[in-house]
Every structure is written in structure tokens, then in C-alpha cells.
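> My structure is below; once you've seen it, I'll send some questions.
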Amino acid sequence: MTPAAQLPEAHAVVLAGGRGTRFWPRSRTRTPKQLLNIVGEETMIQQTVARLSPLFPPSRVWVVTNDEQSA
């Protein structure tokens, strides 16, 4: 597989805008499951970005979320 670093137009987009209702009571609106460390020490978003790191530099990894989690 060709690393995205060799493809200047390639970016990774991580969709993480859930409200945390299906993983209740552990997740809430302010701390949905993607912000929890369910498996291991890192959050789900951190684990996803780590899996992308061999292919995408940090400057081309985007996490898309909603207003509740953006702050």
C-alpha cells in the first residue's frame, strides 16, 4: 500500500460526532464513547489516529465532531 504521504492530496477524516446515547451509562453527551478509553489507556480517537499514523502525517488527519465535543 502506498503511504498517503506520497499522495499530497490525500487526507484522513475521522468522523466522531456521536452524542453518547447508545453506550450509556458510561458515555454522555460531553463524553461520548469516542472520548473514552474503552480498550487500553488511549481514547478511541487516539487509537484511530495511531492506526492512521503509518499512512498519514498528523497535519493531514482531521477529526470531525459536533459542538458539544469541540471544546
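The values are calculated or read from the model by the stated rules, or taken from the named source; none is laboratory data. Just so it is clear, the model here is predicted, and its values are computed rather than measured. Counting neighbours? That spans all protein chains shown, and the Cβs are built from the backbone with ideal geometry, glycine included.
> So, in segment 18-50, how many residues would count as being at pLDDT 90 or above, assigned to a helix (DSSP H, G or I) and surrounded by 12 or more Cβ atoms within 10 Å (Cβ to Cβ)?
So the count comes out to 4.
> Look through segment 1-17, keep the residues that are part of a loop (DSSP other than H, G, I, E, B) and of a type in the set (A, V, I, L, M), and return whichever of them is modelled with the lowest pLDDT.
If we take residues in segment 1-17 being part of a loop (DSSP other than H, G, I, E, B) and of a type in the set (A, V, I, L, M), then MET1 is modelled with the lowest pLDDT.
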